[in-house]
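> Sharing a structure, written as structure tokens. Questions coming.
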Protein chains: 2
Amino acid sequence: MEKINSLQNVHVKAWKKLQTKKGRKQQGLYLLDGWHLVNEAVKAKVSIKTLLITEKQLATEPDLTHFPALIEISEEVASHISATVTPQGVFALAVLPKPKTDPLANLDLSRPWLLLDNVQDPGNIGTMVRTADAAGFAGVAFGTGTVDIHQPKVERAMQGSQFHLQLISTDLTDFVKLLQAQGKPVYGSELNDQAAQYLDIEAPASFGLVMGNEGNGMSAELLALTDKNLYIPIKGRAESLNVAIAAGILMFGLYR
Amino acid sequence: MEKINSLQNVHVKAWKKLQTKKGRKQQGLYLLDGWHLVNEAVKAKVSIKTLLITEKQLATEPDLTHFPALIEISEEVASHISATVTPQGVFALAVLPKPKTDPLANLDLSRPWLLLDNVQDPGNIGTMVRTADAAGFAGVAFGTGTVDIHQPKVERAMQGSQFHLQLISTDLTDFVKLLQAQGKPVYGSELNDQAAQYLDIEAPASFGLVMGNEGNGMSAELLALTDKNLYIPIKGRAESLNVAIAAGILMFGLYR
């Protein structure tokens, strides 16, 4: 098995660049960090090019039959290419799916979708995808401005739910119009004079729910397009809810 | 105004130790990091001993009349004593409340309480306190094993909600028994054969809700004491919900 120990190695430099969108695009790859994600990817038949693994992880005698190529890496290399402080020591180089010419084709619109409008925090994004999975949603649409699906911290926070749902990157205006053209209502989540209490809504079997930016909320353009804006009644003195908490309450509240 | 620039300064070493429970106990102080928290503490009439502030923050000409003492610190000192990567450059040294001889005296039991059983992640804890505030809960009880209330990352994640609710550190068994003695049901949140779907419960105006450890759930002892265990139905293929998301869904679902 090939061994790579040096941070100066040209491959290591390339792997490090997979933390950026540009690097992923140039190499056509993205990084899955840790056994849980790697195993979920194998189960989901994600195309994996190479498994990177430390000596310590090799010593646990894992099943390596699913991987077309293996490279042993040092702990130092593992720390360098990981977005986490204490990586497990196993990474898959997965093949980046080609951008679809029409991201809105072949979507399951029979169940609800979560739309992320300019959401920035990888932890929030990952948690919302995981919650959408648990709530039985069909998919999550990453709008322009929202952090990239294949950013390593986002991949990690999704904890495998990225392989259970349809995830698309798209212009949300187009997607909202598509949903509405098919008779599915789209709900915003910004408090304004016209907002309705979320428990007063009888949501149909399929709909869209838009969550906005952590600080600034939804974009005005998208807000104007929604069928209704929903609010969660705040009883105490907290100024707001964390966006992932609000998404969780709305998803489980609307889709029972 | 006194100026402190060196990481070797004896005060700086002491402030750094406020990140540990031992340090806070020895000095009788805890640290509030950033204007939002400091201002919320002032509003809540928290006893503040000293404000630490960088030259950059002083240049914004903030209102400093609320603080009995001021010390100017360098950016380097600010980074050293903060638990965040990019601190704002303002910290309050707040007086640690004396541990109550009876933490269960004088509690508002007319509204619900959230009980944290061995919860470990400061971000989860802070988010749950903030959500409990928004949901109109009376307070949050930090059980033995749960991260300390005054840990800087917990303080920060609570975003001011620590000043809106009653927060206590206590043995949760005692607290559960107190709630039950007063006729308030206590709900667990562990999936088991006897668990009830949370939407099937008609919760009264006051109750206790216990959230357990991120990996291991509630302690067996506490679980045995609860009046009912609740579960959130998972429709998709996610294995579980993040503990703070589950807490948000349960708090808003039970206390409408």
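> Can you confirm whether residue A:244 is within 8 Å of another protein chain (Cβ to nearest Cβ) and part of a helix (DSSP H, G or I)?
yes
> Now for a different question. May I ask you to list the residues in segment B:164-187 that are more than 23 Å from residue B:256 (Cα to Cα), in contact (Cβ under 8 Å) with a residue 60 or more places away in the chain and part of a helix (DSSP H, G or I)?
B:174, B:175, B:178
> Next question. Consider residue B:233 against the criteria (1) more than 26 Å from residue B:151 (Cβ to Cβ); (2) within 12 Å of chain A (Cβ to nearest Cβ); (3) under 23 Å from the mean Cα position of the chain (by Cα): it satisfies all of them except one. Which criterion is unmet?
Checking residue B:233 against (1) more than 26 Å from residue B:151 (Cβ to Cβ); (2) within 12 Å of chain A (Cβ to nearest Cβ); (3) under 23 Å from the mean Cα position of the chain (by Cα), the one that fails is (3).
> Also: Can you tell me how many residues in segment B:80-104 are in contact with a helix residue (DSSP H, G or I) (Cβ under 9 Å, 6 or more places away or on another chain) and under 18 Å from residue B:31 (Cβ atoms)?
Looking only at that region, the number is 16.
> Of everything in segment B:232-256, what is touching a residue at least 12 places away in the same chain (Cβ under 8 Å), under 17 Å from residue B:199 (Cβ atoms) and surrounded by 17 or more Cβ atoms within 10 Å (Cβ to Cβ)? Give them in sequence order.
Result: B:232, B:246, B:247, B:248, B:249, B:250, B:251, B:252, B:253, B:254, B:255.
> Regarding segment A:209-219, can at least one residue be identified that is surrounded by fewer than 19 Cβ atoms within 10 Å (Cβ to Cβ), polar (S, T, N, Q) and not assigned by TED's automatic domain parsing to the domain that holds residue A:83?
Yes, the conditions are met somewhere in segment A:209-219.
> All but one of (1) part of a loop (DSSP other than H, G, I, E, B); (2) of a type in the set (A, V, I, L, M); (3) at pLDDT 95 or above; (4) in the same structural domain as residue A:44 (by TED's automatic domain parsing) hold for residue A:83; which doesn't?
It is condition (3) that residue A:83 fails.
> If a residue has to be among the charged types (D, E, K, R), out of contact with any strand residue (DSSP E or B) (no Cβ under 8 Å at 6 or more places or on another chain) and either within 20 Å of residue A:252 (Cα to Cα) or not in a helix (DSSP H, G or I) (or both) to count, how many in segment A:188-224 make the cut?
Residues flagged as among the charged types (D, E, K, R), out of contact with any strand residue (DSSP E or B) (no Cβ under 8 Å at 6 or more places or on another chain) and either within 20 Å of residue A:252 (Cα to Cα) or not in a helix (DSSP H, G or I) (or both) within segment A:188-224 amount to 4.
> Go over the candidates B:49, B:56, B:17 one by one and state the one that is more than 22 Å from the chain's Cα centre (by Cα), modelled with pLDDT of 95 or more and not assigned by TED's automatic domain parsing to the domain that holds residue B:156.
B:56
> Still on this model: Among B:44, B:134, B:138, which is within 14 Å of chain A (Cβ to nearest Cβ), out of contact with any strand residue (DSSP E or B) (no Cβ under 9 Å at 6 or more places or on another chain) and surrounded by 15 or more Cβ atoms within 10 Å (Cβ to Cβ)?
Only one candidate qualifies: B:134.
> Also, quick follow-up: Among the residues of segment A:199-230, which ones are of a type in the set (Asp, Glu) and away from every other protein chain (no Cβ under 13 Å)?
A:202, A:221, A:227
The values are calculated or read from the model by the stated rules, or taken from the named source; none is laboratory data. Treat the numbers as computed from the prediction; the structure is a model and nothing was measured. All Cβ positions, glycine included, derive from the backbone under ideal geometry; neighbour counts span all protein chains shown.
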